[in-house]
Amino acid sequence: MCKDCKKPYYITTAIAYTSGKPHIGNTYEIVLADSIARYKRAQGYDVFFQTGTDEHGQKIEQKAQEAGVTPQEFVDGVAGQIKTIWDLMNTSYDKFIRTTDKDHEAQVQKIFKKLYDQGDIYKGYYEGLYCTPCESFWTESQLVDGKCPDCGREVKPAREEAYFFRMSKYADRLIQHINDHPEFIQPVSRKNEMMNNFLLPGLQDLCVSRTSFKWGIPVTFDPKHVTYVWLDALTNYITGIGYDCDGSSSERFRKYWPADLHLIGKDIIRFHTIYWPIFLMALDVPLPKQVFGHPWLLQGDGKMSKSRGNVLYADTLVDFFGVDAVRYFVLHEMPFDNDGVISWELMVERVNSDLANILGNLVNRTISMSNRYFGGVVRKTGAAEDVDADLKAAVLDAVKKVDEKMEQLRVADAITEIFGIFRRSNKYIDETTPWALAKDEARKDRLAEVLYNLTEAIAIGASLLEPFMPETSQKILAQLKTDRRELSAMDRFGLYPDGNQVTDKPEILFARLDLKEVMAKVEAMYETSAEEKAAGKEGNDSAAADSGTAAGQAEKAAEPAPQAVEAKPEITYDDFAKLQFAVGEIIACEEVKKSRKLLCSQVKIGNEIRQICSGIKSNYTPEQMVGKKVMVLVNLAPRKMAGLESQGMLLCAEDAEGNLALMTPEKDMPSGAEIC
């Protein structure tokens, strides 16, 4: 806990790129940052929380042209859309910066000139392979399968005059800083990746200007150049709080810098832990204290893609489930260091099991029993039993653990600890059986004490819940007719006012959902877009029909030729019966960095999750794997592959050229279904 009541704490998110509406994976970051900011405020910190939008670049220029508007009009619209979603999600940011803000643009121009004058930036020519979506140049050796190593898209040869930043000048100093400050890059796996893959092999100079497009901040002394993405975007963290390159920085900058936490996606960790600290070193500005590269939130049936029509947006999910249910899901379902998965089915499951059953039912039962047995008055009688001490210890222990988890940025684990309070309270009801106590007039004091303990436990849990589910926390405390408990006062059990009266009309916090009804609404929601796509293809389908037999023959000719099957020794039925096959659902998948062939999948088989390594990287991306139902050899003995334990085998077909195809069920089958 923060003993210095008003110690400053500066937290930022990455600024969202204004190429389009952010999906729920993008929205996760702002909700995560908000939960940390709210918790820090509860600890007594003077928090400044900044977010915003990145609005320059070639991609924006192209999209504006396609839309028939100016780039400024285009980014105004998208920035407004992003801000609306951030507000919808009840995020408590203090500043929303835009890189088209005039004060930001002026400082970027000053920074560029200063770095040029001191010899850190020089003019040259860039010739390489350029990825427009990522706005990045690559060498041939950096490509993966001939494509951009960041996004997997096509790259094109490009050559243009550009200014470059001398990255190697500061590389050794940055390596020393990272070694001296092990907390600087988190999680540790991200630090190891940056050191081993980029810093230690040696840094190339960085392109910091472009001439092939105009939508950027002009270089004052060479106006045909515009400042290239990272020198513009990254500096928002200091310009947004009043940094001045001429030495007249604001009081806010002096108060809050260096930043306590840059919260970013793992895909841009390189820019924030290599480029950004080197820029700051060149400006003689202190480095941020910590950069946390959070994992991704993936959709259950694969990576979100507009072309596939499977993108989930925050406002759509809120329409179905409500703001706090969506906040709970994205925060609770994201592991500290691995990607999380979201789907309609998982959302419904969490609402029903955690929010309706564990939390909502507990609050409703407790308040209803207080009204039924005591007219809503909650009294402390001292009629204690041993089971009370166990409840109190569990609640107070959870308070400590929540604080520990939040210090480590393990937000999902902190929420789990809070729900541990609610689970333990439900168990306490079963242990004390208030309905049985109510039948015995001589045990009324004991009944009152039980309901007091439940009310106090809920009050503490609801107070802890505020950073994560602020509206729900407020609703619970309003029904208990009490104020939010200060964190500093949560080291004691029994502060709920003796004789206080709860509401006589308890509100259902979360109603249980019917999965079939939800999925029917989802299908109806997507029906229009499906019809539009079908209409777009109608002409092509008619043309194919007119071609009659010729079209059918062409399609048949495209089918692969039959392949001879190499015979293996004959086995008996008993041999085959030893093999156990089942349907598995891939819920997460990552590349195995030490291997050119392996993907590592987390496969749900019934009620268990197994880790299975497969040599299919040349045929499938991790994003394509997630959500697939596959055939799994379940009882294969575990073995080590590239340092990882593989606990089964995914079955594939392989043609003569070595192309692989996963074996999947013809119809949708539940994970764990036996294959016989």
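The values are calculated or read from the model by the stated rules, or taken from the named source; none is laboratory data. Predicted model only: the values in this text are computed from it and were never measured. Every residue, glycine as well, gets a Cβ built from its backbone with ideal geometry; the counts of neighbours run over all protein chains shown.
Overview of values
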read-out	value
Residues of region 1-27 that turn out to be farther than 30 Å from V69 by Cα and modelled with pLDDT of 95 or more, as a count	6
Any hit, region 540-549, residues being at pLDDT 55 or above, more than 30 Å from M369 (Cα to Cα) and surrounded by fewer than 11 Cβ atoms within 10 Å (Cβ to Cβ)	no
Evaluation of M631 against (1) within 28 Å of the chain's Cα centre (by Cα); (2) at pLDDT 90 or above; (3) not hydroxyl-bearing (S, T, Y) (one fails), failing number	(1)
Complete set of residues in region 366-397 that are closer than 17 Å to A462 by Cβ and either hydroxyl-bearing (S, T, Y) or free of Cβ contacts under 8 Å to residues at least 60 places away in the same chain (or both)	T366, S368, S370, A394
Of residues in region 418-442 being in a helix (DSSP H, G or I), of a type outside the set (A, V, I, L, M, F, W, C) and free of Cβ contacts under 8 Å to residues at least 40 places away in the same chain, the one farthest from A37 (Cα to Cα)	E441
Yes/no for L231 being among the hydrophobic types (A, V, I, L, M, F, W, C), in a helix (DSSP H, G or I) and in contact (Cβ under 8 Å) with a residue 60 or more places away in the chain	yes
Residue in region 79-92 that is among the polar types (S, T, N, Q), farther than 21 Å from D222 by Cα, loosely packed, with under 15 Cβ neighbours inside 10 Å and modelled with pLDDT under 95 present	no
Any hit, region 443-457, residues being at pLDDT 95 or above and either over 18 Å from S370 (Cα atoms) or not in a helix (DSSP H, G or I) (or both)	no
Strands (runs of 3 or more DSSP E) contained in region 596-647 and holding at least 2 residues surrounded by 19 or more Cβ atoms within 10 Å (Cβ to Cβ)	599-605, 608-614, 629-633
Where a residue in region 605-616 is over 16 Å from A582 (Cβ atoms) and its partner, wherever it lies, is of a type in the set (D, E), with Cβ under 8 Å and at least six apart	none
Where G216 falls short, out of the listed (1) farther than 20 Å from D205 by Cβ; (2) in contact (Cβ under 8 Å) with a residue 24 or more places away in the chain	(1)
Subset of region 126-173 [among the basic types (K, R) and surrounded by fewer than 16 Cβ atoms within 10 Å (Cβ to Cβ)]	K147, R153, K156, R159, K169, R173
Matching residues, region 44-91, being among the aliphatic types (A, V, I, L, M) and touching a Ser or Thr at 6+ places or on another chain (Cβ under 8 Å)	I60, A64, V75, V78, A79, I82, I85, M89
Residue within region 651-662 that is part of a loop (DSSP other than H, G, I, E, B), of a type outside the set (A, V, I, L, M) and under 29 Å from the mean Cα position of the chain (by Cα) present	no
Cβ pairs under 7 Å, 6+ apart, first in region 262-288 and under 14 Å from K191 (Cβ atoms), second part of a helix (DSSP H, G or I) and charged (D, E, K, R)	K266/R190; I269/R190
Subset tally (residues that are touching a Ser or Thr at 6+ places or on another chain (Cβ under 8 Å) and more than 21 Å from E127 (Cβ to Cβ)) for region 192-217	2
Considering residues of region 489-509 that are surrounded by 14 or more Cβ atoms within 10 Å (Cβ to Cβ) and either closer than 30 Å to F321 by Cα or small (G, A, S) (or both) only, the residue nearest to the chain's Cα centre (by Cα)	L509
Members of region 471-488 found to be crowded, with 17+ Cβ neighbours inside 10 Å and in contact with a strand residue (DSSP E or B) (Cβ under 9 Å, 6 or more places away or on another chain), listed by number	L480, T482
Some residue of region 650-663 being closer than 15 Å to I587 by Cα, touching a residue at least 60 places away in the same chain (Cβ under 8 Å) and among the acidic types (D, E)	no
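Conditions tested, residue by residue: (1) within 24 Å of V226 (Cβ to Cβ); (2) modelled with pLDDT under 90; (3) in a helix (DSSP H, G or I).
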| position | (1), (2), (3) |
| --- | --- |
| E127 | yes, yes, no |
| D150 | yes, yes, no |
| A162 | yes, no, no |
| R173 | no, no, yes |
| I178 | no, no, yes |
| N196 | no, no, yes |
| W215 | yes, no, no |
